[in-house]
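**Student:** There's a structure below that I have some questions on.
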Amino acid sequence: MEQLRTIGRELAMGSQGGWGQSKEFLDLVKSIGEARSKAEEDRIIARELEHLKRRLADPDVPRRKMKELLLRLVYAEMLGHDASFGHIHAVKMTHDESLPLKRTGYLAVALFLDERHDLVILVVNTIQKDLRSDNYLVVCAALTAACRLIGEEAIPAVLPQVVELLAHPKEAVRKKAVMALHRFYQRSPSSVSHLVSNFRKRLCDNDPGVMGATLCPLYDLILEEPNSYKDLVVSFVNILKQVAERRLPTSYDYHQMPAPFIQIKLLKILAVLGSGDKQASGHMYTVLGDIFRKGDTASNIGNAILYECICCISSIFPNPKMLEAAAETTSKFLKSDSHNLKYMGIDALGRLIKINPDIAEEHQLAVIDCLEDPDDTLKRKTFELLYKMTKSTNVEVIVDRMIEYMINITDHHYKTEIASRCVELAEQFAPSNQWFIQTMNKVFEHAGDLVNIRVAHNLMRLIAEGFGEEDEGADSQLRSSAVDSYLRIVGEPKLPSSFLQIICWVLGEYGTADGKYSASYIIGKLCDVAEAHLTDDTVKAYAISAILKIFAFEIALGRKIDLLPECQTLVDELSASHSTDLQQRAYELQALLGLDKNAVESVMPADASCEDIEVDRNLSFLNSYVQQALENGASPYIPESERSGVISVGSYRSQEQQETSAHTLRFEAYEMPKPSLPLATSQTSISTPTTDLVPVPETGYYKEDHQTSRSQPPGDAVSGEFGVKLRLDGVQKKWGRPTYSSSTPSSSTSSQQTTNGTSHSDGGGSSSQPRESSYGSKRQQGTEVSAEKQRLAASLFGSAAAKADRKAQASRKTAKDSPSTEKVATTNVTAQPVKEQVIPAAPPPDLLDLGDEPVSSNPPLADPFSQLEGLLGPASAAPVLSGTPATGASKAPDLMSIFSDDVPTGVASGSTDPTLGDVNSTSSHKGATAVASKKGPSLQDALQKDATARQVGVTPTGNNPNLFKDLLG
């Protein structure tokens, strides 16, 4: 009866004001929904914000009313308007003792602020207090806010409490604690690198939700370093088997599929762990086969699991039976009428043909249908599949289809991608050079400005070099065909600039080579190109250079050629051009016309575009001229380093660089300007203790400023004068309260994912008996396949029909010998050479040992405090490599002891999983470091130089290093 009264009260509130909200709020939502323009909506929100600003400034607003005002503020900011005046009220509401108000405050703060906002520091203390609350709902709200608001600098403040919550009795709290640690790892991996073992422990949690949440951080860790988690393959397989067998509660089912999202995440993890590993992949085959057999294709989530299984099989070590099951499922996707399933089938087929290319032949008609489908997304995915299966026998059909599709689309981004793929396929599988040139002409004509300019240079080089053989006739025919095609194209409007450059270059080099076209005709065409592109200096430069080549070749052959009026007009125009490059080319043409035959042959040799140009860097051809000038009384050349006054200028430049580094503004956080190092201080030295203090190298920019200085004192003397500085290796936190971590954190290594050893094999993955899943069988009942599609399929996939007939006959003849045939097929698959990773011998891992990971002895690769050395004073001691361990370094104190007095010494987790068992791990870090501090050097020299610079009236800057040189001569 009490429950019915509560429901009636809520319904009454809903009829009055919408589930506890006032009528004003509902009217606001209604008015915004009925707004007919964006301007009207902005006026409504602006009026609402003014009203909220007055109400929030009232100190007597009831708490329940304040909750509604904050929700209205959230609604206004979600519509894109500034509501920053109310952010502080949301922060205040997180301090409220009432659970609904506190959760509303956390919700508003998480939506209003981010980790870089100035008000976040006011929320950190509240989150710390709420993480210790007895109410698990408050703890969950605080953990949710921590995932959103805690940045890299604030992670150490809440990390100890989050680790403690991993053992909380409520499964919701444990789940959110795992999620918070995952978020901390994403933002700062070094801050939680010592807590990675906690994810292994939570994998055997009693609650499936906690276990499922642990899979996400483990997946990120496995992607970084898969070899460190090979011992968990059996555990992941057992979990996946239990999930697939419906051993989890029915509350985890989705559309009658048992925990599908946990299955998908496990399949992704297994795909990474089994890549190129035959032993690990062997544990997965059984459970993958069970999932294929139990797969439900009636629902989208069932198809998603099957698709993830195909992705996993295409990544792990190949197995014939698994490839057979994956191909059968792919066939079902391709035969579906849903575009989404066809898209999945095309993508899955692209993965499988990397292992066994013969699989594509069984679905050739389905691929053709997808290629002609009006759905643009499906068509693009099909082009990706064709790109992967291109070879020398079908490259012409595929590239022609791609170019036809490229002409009809307007998306410049995808047009660029299609053009680059056409160029790549044409360069790799071109059946002939003539076809390559024709294909490149089409690509440049329709997407010239989107193609890389290097492709144009490669095309010019190919035309110049020819086939690379001794067949001069074939090369001449190639160039003649290129000239013919370019003369037909050159008159078309709106040709790309890069394509016009190729045309001008080819016409200039080979336009009159075979005598088919006269020089006057070619020059007239080139003049037309230059006049049609008056604003493109590059095209005009190529055109005038091509005209120069034609005149040179004609003069060299002893032919007389007159300068056409339009050519004379072009030369006069370019001679007065603002571009010095065009002027020079025009004057070179005029000078060339006055030379004789022998001079022209020396200046412009025929067909010399492929000859290597030897550059004489010593200018030895000027030796006779220099010797003659010396004999006539000319002064000898004096090197720059020996000229008078250069030494003093060089030393002054060094001083200028020192003063620049000392006096210019620095924008690094908390960085002090570094004074210059006077020469007088290099004579003194102070002995320094070596037990607690070690020299630390300067920062990078300071060393660069001083490496060219000629008056820099030796490193030992400088270090003796200015003392040494604290060694801060292992310090993780940069700002705020100082914290220290272990001095030898475990070094992370970059993961190297290996590919399947048979990823490029041509055969071996197909079964001996052909599957009766041909796409054509579905069409035989209604209509026959058109002859055009059959021809297109034969062009793309080869004579697949003949192969299918031969396979069917062979299968009928060997029906009795199927076991032996199956053995042969298996042998063909396993006989492929597989390149496996060479892993050093190590003792077998113990799956029950889930304690903390062993700490590597490698020192940290980089000092987190390297940017703060200027706070203690400069030192230019001998550089200390970051990889050299510091002597006399003591144990660093525990990271957790800075924030709490009672740190848990162990974390225990119970497990019902027989493969993992109970795990108890204890870890304690003790130690203290007594560091002797010394005062930094005096800044008197820096202040004196600063005063001198201010008296002169200028301050040297890095933008003008020669400023003092100009002032003082």
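The values are calculated or read from the model by the stated rules, or taken from the named source; none is laboratory data. A quick note: this is a predicted structure, and the numbers were derived from the prediction, not measured. No Cβ is skipped: glycine too gets one built from the backbone with ideal geometry, and neighbour counts run over all protein chains shown. To get the accessible areas, we keep the full protein, side chains included, count just its heavy atoms, and leave off ligands, DNA and RNA. Shrake-Rupley method; radii C 1.70, N 1.55, O 1.52, S 1.80 Å.
**Student:** Sort out for me the Cα centre separation of the stretch 129-162 from the stretch 552-618, rounded to whole Å.
**Tutor:** Each part reduced to its Cα centre gives a spacing of 77 Å.
**Student:** Restricting things to Cα coordinates, could you compute the convex hull volume per residue of the stretch 283-412 in Å³?
**Tutor:** Values: hull volume 15.1 nm³, N = 130.
Convex hull of Cα atoms, per residue: 116 Å³.
**Student:** Return the loop-located GluC sites (Glu not before Pro) in the stretch 22-93 (DSSP other than H, G, I, E, B) with at most 15 other Cβ atoms within 10 Å of their own Cβ; answer none if there are none.
**Tutor:** Working: sites: Glu24, Glu34, Glu40, Glu41, Glu48, Glu50, Glu68, Glu77; in loops: Glu34.
Qualifying residues, ordered by number: Glu34.
**Student:** Then there is this: Once label points are set 7 Å from the Cα along Cα→Cβ at both Thr410 and Ser795, what is their separation, rounded to one decimal in nm?
**Tutor:** About 2.8 nm separates the two model spin labels.
**Student:** So, in Å, what gap is there between the alpha-carbon centers of the stretch 324-346 and the stretch 470-549?
**Tutor:** Result: 50 Å between the Cα centres.
**Student:** What ranking do 312-322, 232-242 get when scored by the average of other Cβ atoms within 10 Å per residue, highest first?
**Tutor:** Numbers: 312-322: 23.4, 232-242: 19.7.
Packing proxy ranking, top to bottom: 312-322, 232-242.
**Student:** Points 7 angstrom from Cα along the Cβ direction at His95 and Glu171: gap in nanometres?
**Tutor:** Output for this residue pair reads 3.8 nm.
**Student:** Can I ask one more? Taking every pair of Cα atoms in the stretch 452-603, average 1/r, invert it to obtain the Kirkwood radius, and report Rg/Rh to two decimals.
**Tutor:** Working: Rg = 15.3 Å, Rh = 16.0 Å.
Rounded to two decimals, Rg/Rh equals 0.96.
**Student:** Rounded to the nearest Å, what's the spacing between the alpha carbon centres of the stretch 59-103 and the stretch 175-210? Just the number, please.
**Tutor:** Using only Cα atoms, the two centres lie 32 Å from each other.
**Student:** Continuing with the same structure: Given 0.36 nm per residue, what is the gain on full extension from Asp449 to Arg148 after removing their alpha carbon distance, in nm?
**Tutor:** Details: separation 301, 0.36 × 301 = 108.36 nm, distance 4.42 nm.
Computed gain between Asp449 and Arg148 is 103.9 nm.
**Student:** What does the convex hull of the Cα atoms of the stretch 233-273 come to per residue, in Å³, rounded to a whole number? Intermediate values should be presented prior to the final figure.
**Tutor:** Details: hull volume 2.1 nm³, N = 41.
It comes to 52 Å³ per residue, whole-number rounded.
**Student:** First obtain the Kirkwood hydrodynamic radius of the stretch 412-508 from its Cα pairs, then insert it into the Stokes-Einstein equation at 4 °C and 1.567 mPa s, and state the resulting D in µm² per second as a whole number. Numbers along the way, then the final one.
**Tutor:** On the way: Rh = 13.7 Å.
Roughly 95 µm²/s, to the nearest whole number.
**Student:** OK, next. Leaving ligands, DNA and RNA out of it, report the carbon-plus-sulfur percent of the accessible area of the stretch 452-603 at a 1.4 Å probe.
**Tutor:** Working: 3690 of 7510 Å².
Using a 1.4 Å probe with all protein chains present, the stretch 452-603 comes out at 49 percent carbon and sulfur.
**Student:** Counting only heavy atoms of the protein chains, get the accessible area per residue of the stretch 337-493 (1.4 Å probe) and round it to a whole Å² value.
**Tutor:** Details: 6940 Å² over 157 residues.
Ligands and nucleic acids excluded, the figure is 44 Å² per residue.
**Student:** Let's see if you can work this out: charge +1 on each Lys and Arg Cβ, -1 on each Asp and Glu Cβ, no other charges. What is the dipole magnitude of the stretch 186-226 about its Cα centre, in debye to the nearest 20?
**Tutor:** 120 debye
**Student:** Considering only protein heavy atoms and a probe of 1.4 Å, how much of the accessible area of the stretch 194-284 is carbon and sulfur, as a whole percent?
**Tutor:** On the way: 1640 of 3370 Å².
Within the stretch 194-284, the accessible surface is 49 percent carbon and sulfur.
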